[in-house]
Amino acid sequence: MTAPKNGLFISFEGIDGAGKTTHIEGVAAAFAAQGRAVCRSREPGGTPLAEALRGLVLQQEMDPLSEALLIFAARNDHLRQVIEPALARGEVVLCDRFTDATFAYQGAGRGFDPAVLQTLERLVQGRPGAEPRLIQPDLTVWFDLPPELAAARLADARLPDRFESQPLEFFRQVQRGYAERAAAAPGRFARIDAALPREQVWEQIVALFEAKGWWTAGLSQGARHA
Ligand code: TMP
């Protein structure tokens, strides 16, 4: 039997407008510069089925239970088809959002019962074994930004989807949801001050990954993208 490979699962979170997506490109380039195979993906999405469900969730009116079920259905497919195989091959999986987004958006934002979300989380991310476990990212990079600033950044953005068109108060709740998730899992969450200029946001990311020992100083500078 071959030993399990050392895959890394990293998620990126934050309210809409926090600027995380542009920095994921830089993180992917820096890992590639360290000689790591990188699998970039996003949620909801990442497989043909999950991308189809994403289209529905972002555009189609539905009640909160349908929304939560579709998001976890997409996650189930994505985990089994993409994330787990990539981790088993020893790759670095960079995922633009994961389950923390569900607790923040559907839980805190929509006010949906977190106990139901926990049940769905166990169903989709639970794995049996001698020590049953829940698949979670090794690291969650949280782009923390005041909702007022995020709204100003989004003002010139493309046609908003069902979430981006929500009022400021919704994003205040989502923000609270992320803060609660971060406080509950301080070892997994790393907070980035996303209110700073882009270059300084990138410097925080470099410092974080170098401190983890995943990037060698100097090599990641070559991947600077900001
Ligand atoms: P994105 O624009 O960052 O790709 O995310 C798509 C939207 O989906 C974003 O507004 C947040 C929302 N979302 C949820 O509401 N729950 C979830 O579990 C995920 C992953 C995303």
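Net charge around Q59, counting only other residues with Cβ within less than 11 Å of its Cβ (Lys, Arg = +1; Asp, Glu = -1)?
Within the 11 Å Cβ shell, the charges total 0.
Tell me, how many Å apart are the Cα centres for segment 137-202 and for segment 109-130?
One Cα centre to the other: 22 Å.
Ranking request for peptides 171-182, 152-163, 59-70: highest mean number of other beta-carbon atoms within 10 Å first, then the rest in descending order.
171-182, 59-70, 152-163
Which distance in nm do the two modelled labels at Q59 and L196 give, with both placed 7 Å along the Cα-to-Cβ direction?
The two pseudo-label positions are separated by 3.9 nm.
Based on the Cα coordinates of segment 59-189, what is the per residue volume of their convex hull in Å³?
132 Å³
Give the peptides 186-198, 95-107 in descending order of average Cβ contacts within 10 Å, highest first.
Descending mean neighbour count gives 95-107, 186-198.
How many percent of the accessible area of the chain is carbon or sulfur, using a 1.4 Å probe?
So the carbon and sulfur contribution to the accessible surface is 56 percent.
Tell me, Kirkwood radius of segment 64-120 from alpha-carbon pair distances, in Å?
12.2 Å
So what is the accessible area of segment 1-129 per residue, in Å², with the probe set to 1.4 Å?
Computed with neighbouring chains in place, this is 42 Å² per residue.
Give me the orientation-averaged projected area of the Cα convex hull of the chain, in nm², one decimal.
Approximately 12.7 nm², given one-decimal rounding.
How much of the DSSP bridge set in the chain is antiparallel, in percent, rounded to the nearest 5?
Just about 10 percent of them are antiparallel.
With the radius of gyration and the Kirkwood radius both derived from the Cα set of segment 180-221, what is their ratio Rg to Rh?
Radius of gyration relative to Kirkwood radius: 1.04.
Note down, for segment 112-173, the three equivalent ellipsoid semi-axes (square root of 5 times each alpha carbon gyration tensor eigenvalue), biggest first, whole angstrom.
Working through the eigenvalues yields semi-axes of 33, 14, 11 Å.
Quick check: residue separation of A217 and A185 times 0.36 nm, minus the Cα distance between them. What number comes out in nm?
8.8 nm is the gain from fully extending A217 to A185.
The values are calculated or read from the model by the stated rules, or taken from the named source; none is laboratory data. Since the model is a prediction, treat every value here as computed from it, not as a measurement. Quick reminder, even Gly has a Cβ in these numbers, built from the backbone with ideal geometry, and neighbours come from all protein chains shown. Note: accessible area is taken over every heavy atom of the protein model, side chains too, but ligands, DNA and RNA are not part of it. Shrake-Rupley method; radii C 1.70, N 1.55, O 1.52, S 1.80 Å.
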